[in-house]
1. Working only within region 35-77, note down all residues that are farther than 28 Å from THR138 by Cα, among the β-branched types (Val, Ile, Thr) and touching a residue at least 40 places away in the same chain (Cβ under 8 Å).
2. Across region 116-139, which residue is surrounded by the fewest Cβ atoms within 10 Å (Cβ to Cβ) among those that are more than 15 Å from the chain's Cα centre (by Cα) and in a strand (DSSP E or B)?
3. When you scan region 46-80, how many residues do you find that are closer than 23 Å to PRO106 by Cβ, surrounded by fewer than 18 Cβ atoms within 10 Å (Cβ to Cβ) and over 14 Å from the mean Cα position of the chain (by Cα)?
4. Every residue in region 81-94 that is in a loop (DSSP other than H, G, I, E, B), surrounded by 12 or more Cβ atoms within 10 Å (Cβ to Cβ), in contact (Cβ under 8 Å) with a residue 12 or more places away in the chain and not hydrophobic (A, V, I, L, M, F, W, C), please.
5. Sort out which residues of region 99-115 are loosely packed, with under 15 Cβ neighbours inside 10 Å and closer than 22 Å to GLY33 by Cβ, and write them in order of number.
6. Looking at ASN82, ASN75, ASN53, which one is in contact with an Asp or Glu (Cβ under 9 Å, 6 or more places away or on another chain) and modelled with pLDDT under 95?
Amino acid sequence: MKTIPTKFGFLLLFGAIAAIVACNKKEPRVYFGNLKSGQQVESPFKVEMKCENLVVEPASKGVNEGHGHFHIIINSPMPPANSPIPVDPMHIHYGQGQNETELNLPPGEYDLLLQFAYGNHVPYDPQITSDILHVTVTK
């Protein structure tokens, strides 16, 4: 019986471990936990911000890979990846590390986008966002 040389065996083992780690790496994801697209709501309404394979923390913790906080973008295009997210009524920052909020919007149609960003309010590249959620505020 022939044996595989030790160095070659270690290379095979290392390659197998690297392949397993690469296959098991899960992509980060953000989503609205309690709302569905097409839903009708009354203001104020609760919004749950959820994520997978990310760590939510206050913006004051700085820029840490895999960490950050949420922003809700209302009826606006997604900001560019390498620029800080604007601060205005259509770009709401949750820099304290919040996972839920209440939105108080007047009756109408709204497209909501949940976006995850670093502590400096700059989005990841590629951007980590939810699908656009369309809600109707009835009153």
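1. VAL56, VAL63
2. The selected residue is THR136.
3. 5
4. Across region 81-94, the qualifying residue is only PRO84.
5. First pass over region 99-115, keeping only residues loosely packed, with under 15 Cβ neighbours inside 10 Å: 99-100, 102, 104, 106-109, 111.
ASN99, GLU100, GLU102, ASN104, GLU109, ASP111, listed by residue number.
6. Numbers: ASN75 fails: modelled with pLDDT under 95; ASN53 fails: modelled with pLDDT under 95.
ASN82 is the lone residue from the list that is in contact with an Asp or Glu (Cβ under 9 Å, 6 or more places away or on another chain) and modelled with pLDDT under 95.
The values are calculated or read from the model by the stated rules, or taken from the named source; none is laboratory data. These numbers were taken from a predicted model, which means no experiment stands behind them. FYI the Cβ positions are ideal-geometry reconstructions off the backbone, even for glycines, and counts take in every protein chain you see.
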